[in-house]
Amino acid sequence: MTSELREALARAGVVLPSLRPDPVSIAHRYIPPLVELGRCSMEVARQLTHALTEHSGSERA
């Protein structure tokens, strides 16, 4: 799943360097596996906001 998300974000021009599966949730018996999105710079947050806004705007048209 993380590789698919990484590829989709890259197509939108966004790179989250800390994107990875969360090892604690993967090893845990009762917690569903989580994806660690991690920390990003303000510029990456701006790019992500732009990509999401652009996508949601194209769905409304």
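Just name the residue that is least open to solvent (accessible area, probe 1.4 Å) out of those in the range 17-60 that are in a loop (DSSP other than H, G, I, E, B) and of a type in the set (A, V, I, L, M).
Leu19
With the checklist (1) surrounded by 10 or more Cβ atoms within 10 Å (Cβ to Cβ); (2) on the phi < 0 side of the Ramachandran plot; (3) not aromatic (Phe, Trp, Tyr) in hand, flag the one item Arg11 doesn't pass.
Going through (1) surrounded by 10 or more Cβ atoms within 10 Å (Cβ to Cβ); (2) on the phi < 0 side of the Ramachandran plot; (3) not aromatic (Phe, Trp, Tyr) one by one, Arg11 breaks only (1).
The values are calculated or read from the model by the stated rules, or taken from the named source; none is laboratory data. Since we're looking at a predicted model, the values are computed, not measured. Glycine also receives a Cβ, built like all others from the backbone with ideal geometry; neighbour counts cover every protein chain displayed. Surface accessibility is based on the protein's heavy atoms, side chains included, excluding ligands, DNA and RNA. Shrake-Rupley method; radii C 1.70, N 1.55, O 1.52, S 1.80 Å.
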